[in-house]
Structure formats: structure tokens, C-alpha cells
1. On the basis of being exposed (fewer than 12 other Cβ atoms within 10 Å of the Cβ) and out of contact with any Gly (no Cβ under 6 Å at 6 or more places or on another chain), does SER101 make the cut?
2. Within the range 35-52, is even one residue touching a Leu at 6+ places or on another chain (Cβ under 6 Å), assigned to a strand (DSSP E or B) and over 18 Å from SER122 (Cβ atoms)?
3. Only one residue in TYR94, TYR60 is surrounded by fewer than 22 Cβ atoms within 10 Å (Cβ to Cβ) and under 21 Å from LEU18 (Cα atoms), so which one is that?
4. Just one of the numbered conditions (1) of a type in the set (Ser, Thr, Tyr); (2) farther than 16 Å from GLN1 by Cβ; (3) surrounded by 15 or more Cβ atoms within 10 Å (Cβ to Cβ); (4) more than 12 Å from the chain's Cα centre (by Cα) is not true of TYR32; which one?
5. Out of all the residues in the range 1-29, which are in a strand (DSSP E or B), open to solvent by 60 Å² or more (accessible area, probe 1.4 Å) and either charged (D, E, K, R) or under 19 Å from GLY105 (Cβ atoms) (or both)?
6. Looking only at the range 63-88, how many residues end up being loosely packed, with under 14 Cβ neighbours inside 10 Å and not in a loop (DSSP other than H, G, I, E, B)?
7. Residues that are modelled with pLDDT under 95, hydroxyl-bearing (Ser, Thr, Tyr) and touching a strand residue (DSSP E or B) at 6+ places or on another chain (Cβ under 9 Å): does the range 66-78 have at least one?
8. Looking for something of a type in the set (A, V, I, L, M) and either within 17 Å of THR120 (Cα to Cα) or touching a helix residue (DSSP H, G or I) at 6+ places or on another chain (Cβ under 7 Å) (or both) - is there at least one such residue anywhere in the range 98-106?
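The values are calculated or read from the model by the stated rules, or taken from the named source; none is laboratory data. The structure presented is a predicted model; accordingly, all values stated were derived computationally and were not measured. Neighbour counts are summed over all protein chains in view; Cβ atoms, including those assigned to glycine, are modelled from backbone coordinates with ideal geometry. Keep in mind that these areas ignore ligands, DNA and RNA; they rest on the heavy atoms of the full protein, side chains included. Shrake-Rupley method; radii C 1.70, N 1.55, O 1.52, S 1.80 Å.
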Amino acid sequence: QVQLVESGGGLVQAGGSLRLSCVASEPTFSSYCMGWFRQAPGKEREFVAAILRRSTFAIYADVVKGRFTTSRDDAKNTVYLHMNNLKPEDTAVYYCAARQSSVCGSQSDYNNWGQGTQVTVSS
């Protein structure tokens, strides 16, 4: 089981930026696809972004495309979510997840999850 610890959440005004970090305990971190998901109050958890293993290639949900960027530093066992031009509708608990596969797949395919970090965007 991979332990994932997110950090970097907080309160920010609309239009502001935040950078989330997720550190993994797994020494073979580079072999994992890393995903970001979020869950707003009263809503289902949804996909935000994912970055392929040993790669800079990433995919994004349409609602964050052009505003969010995910990157990884395999030497530090860390994945990042850079969030720019934040909107109140981005308010949610953000989770990172890991899947040891060359294919990131869907939310149900991830078997390692962090505890989440709260992001609140005020209008």
C-alpha cells in the first residue's frame, strides 16, 4: 500500500493560485500513474488531472483545462497540481491517487489514495 500525503490547500480569492503537493512513500514512485480528484460538498468525487508514469504527459478534465497543470518530480516522489485563475466552483477537497500502471484509467482503477486537502475559493 502506497501512502500519499497531500499538502498546499487553503483559502484563496477568486483569480488566485495554489500549488498542491502529494508525496508518496513508495520508492518505485516513477512506476505509478498519479491522479488528482476532487469532491465538493454534496457532490460526487470527480476527476481533475492525471500524469502518466515516467512521463510529462498529462490529461485534464475540461473544467480545469488551461488553468490547472500537473507535474511530477520522481526524484522527490512528489506530484504537483498547479492551480491558476481559481474559481469559487473549484472549492473542494482535493485528493491525489496512485495506480501502478502504464494506463491511468478511471477513478475506480486507483487503489491508493491520500487523505485530501481542502481548497476554498472565495468570490
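1. Here the answer is no, as SER101 does not meet what is asked.
2. Scanning the range 35-52, I find at least one residue that is touching a Leu at 6+ places or on another chain (Cβ under 6 Å), assigned to a strand (DSSP E or B) and over 18 Å from SER122 (Cβ atoms), so the answer is yes.
3. Sole residue among the options that is surrounded by fewer than 22 Cβ atoms within 10 Å (Cβ to Cβ) and under 21 Å from LEU18 (Cα atoms): TYR60.
4. (2)
5. ARG19
6. 4
7. No, the range 66-78 contains no residue that is modelled with pLDDT under 95, hydroxyl-bearing (Ser, Thr, Tyr) and touching a strand residue (DSSP E or B) at 6+ places or on another chain (Cβ under 9 Å).
8. no
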